[in-house]
Amino acid sequence: MQETKSSFPAAQPDRRLRSRSRPDYSDRRKSARFLSRFPVQIIVGSGDQERVYQAIAHDVSDGGLLLEAKDVPATEERFHVEFRLPDGAMPEEFLHNGVRIQAEVRRRDESSSTLGVAFEEPLSKRLARKTWNYLRWASILFLFLAVSIILLIKYENLYFFWFDVPVFLYSLLVGAYLLSRFLFAAFYRPGAPGTDTPRITVICPVYNEEKYIERTLTQLMESAYPAARMQVIVINDGSTDDTLAQIQKTREKYPDMLLVNFERSRGKRNALAAGVRMSTGDIIVFIDSDSFLDPDALRNLTRRFADPGVAAVTGHCEVENQWTNLLTKMQAVRYYVAFRVMKAAESVFDCVTCLSGPLAAYRRPVLMEVLHEWVTQKFIGQPATYGDDRSLTNSLLRRGYKVVYESSARTTTIVPESYTGFMRQQMRWKRSWFRESLRACVFMWKKPPLMSLSFYLGFLLPVVAPAIVLRALVYVPLFHHGSPAMYIAGVFLMSALMSSTYLFARRSRLWFYGIPFCFFYMFVLVWQLPIAILTSMKTQWGTRGDGAP
């Protein structure tokens, strides 16, 4: 039997609609169950008495399997099961080596030849005792070695500083900047648990998202947030595919969901603004149409507003389709570091520089204060049609509001799976990053000194990076007969620092892909920035067509 390959774990849904939003909710499952299809061997007896039966797993959890097993005698109640979880079948920390474990039949249906079996111990407990423990110590060792060698190289950079001032100065500054991100992130703490559930309005703008919108809206409506305290507004921004039909299909299950249908696309900002004007909540939440919220995401996101000085909060986003190919695996590591390290470091100073589109929340009065400025923004005389999240964040930071990150408010998103789509997305992001960083340069000096220094350094280093890469890899070897080995070693060590952090936190096989991503950035993505700067006045969205969100 050929196993079904999945790009992400597909959780078995609860048949009770909006059950998590009820105050008396209790989860009947000991652990989440994931839909799957992969071969399993059932091993009865041992030695000369051993018999092996073939089965198919239809769902898997931390505690057991649902099997289709036609040949297993009804008298067999205890046996070993042997299997290997395919990529994407469960969360990444479970996907390691093959499994052989004792199991017991808990449910049997003769008519469909299905068996519900429970493992003698949960997979998580088994992995924690061996694999996860080894990986944690390996990551600590790897992290220690990476930091030690980085510091040694930076000391050498100081010793040979005058031999090549531009390259060594850049190397020292990059090393200091990245190490400071990890240091500041170590002081980050998520918000304290609370019981307040303010009235919220969740706004989801949609454009040509027929493949994922039903799942996005279903997971939103099944959030563990009181239904009476949550208003949901979906804006169909002139979709030309089957998106509208998928939204209407979802509304049949959730009739209190509000739908606004634009006949023609007005752009993401205008779609969001229309939802804001209709909103009734004290807190306004923006989500993307291909983002999938964890059940507790909204509750954890809004608890940060217990601080009256906080104007906006961004959640933690990871890659949903991480198992698709090399590109998505590299992005999985990049996303984790971008949020749990970079945004966490900024949040220590209440100064997150980009409230990310997949999940962000705002106080309604503050949002209304900047709404007109945001919707009508222009850059060099042209309407700003992208970079809406970073632009809105700038408007809040300029007014002195606190903008923070909440690591426990988790969502996942679909990332580009083709290099063409990825490059277009990155070009759009770099244009908006450059434009909004220029705006922020005017007021970021007013922030805490360490935050200000980090911001200006974080703006300068990427801008000069193409020239430094060209000098280190081409100019010095050709005209000074120097070796680029030290520069390349520095890039490798920085990538090792990020990868070992991912390994420590996620206990995942994907940790290695942070290393090729850093080299992909150095040899490919770094050259996008000069083009992005020269074309920063362009208004095309780049991946979905002009004016689309």
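We did not get these values from a lab; they are worked out from the coordinates using the rules stated. Since this is a predicted model, take the numbers as computed values, not measurements. Here the Cβ positions follow ideal geometry from the backbone for every residue, glycine too, while neighbour counts run over all protein chains shown.
Quick notes on this structure:
- Along the axis of the charge dipole computed for the stretch 358-420 (Cβ charges of +1 for Lys and Arg, -1 for Asp and Glu, origin at the Cα centre), the listed residues V415, T376, S395 are led at the positive end by S395.
- Proximal lysines relative to K130, as straight alpha-carbon distance under 28 Å, when same-chain residues fewer than 8 apart are discounted: K5, K30, K329
- When only the Cβ of Lys, Arg, Asp and Glu is charged (+1, +1, -1, -1), the dipole of the chain relative to its Cα centre reaches about 1340 debye.
- Net charge, S279 excluded, C-beta distance under 11 Å - Lys, Arg +1, Asp, Glu -1: +2
- Taking each of K154/K430; K211/K430; K253/K538; K154/K343 in turn, the alpha-carbon distance tops 32 angstrom for K253/K538.
- Chain lengthening between E76 and L172 when straightened (0.36 nm per residue, less Cα-Cα): 28.0 nm
- Using R0 = 56 Å, the C-beta based FRET efficiency linking L473 and R100 works out to 0.70.
- Normalising the average separation of contacting C-alpha pairs (under 8 angstrom, six or more residues apart) by the number of residues puts the relative contact order of the chain at 16 percent.
- Spin-label zone in the stretch 430-471 - amide nitrogen under 20 Å from a point set 7 Å from the Cα of W527 along the C-beta vector: 430-431, 462-471
- Where N is the number of residues in the stretch 392-545, Cα Rg divided by 2.2 N^0.38 Å: 1.21
- For the pair R84 and V464 in one chain, pulling the backbone fully straight at 0.36 nm per residue adds 132.1 nm over the alpha carbon distance.
- Contour minus Cα-Cα distance for T535 and A228 (0.36 nm per residue): 105.8 nm
- 18 Å Cα-Cα reach of K446 towards lysines, excluding residues that sit fewer than 8 places from it in its own chain: K402
- Here the Debye sum runs over all C-alpha atoms of the chain as equal scatterers in vacuum, and log10 of I(q)/I(0) at q = 0.08 Å⁻¹ comes out as -0.60.
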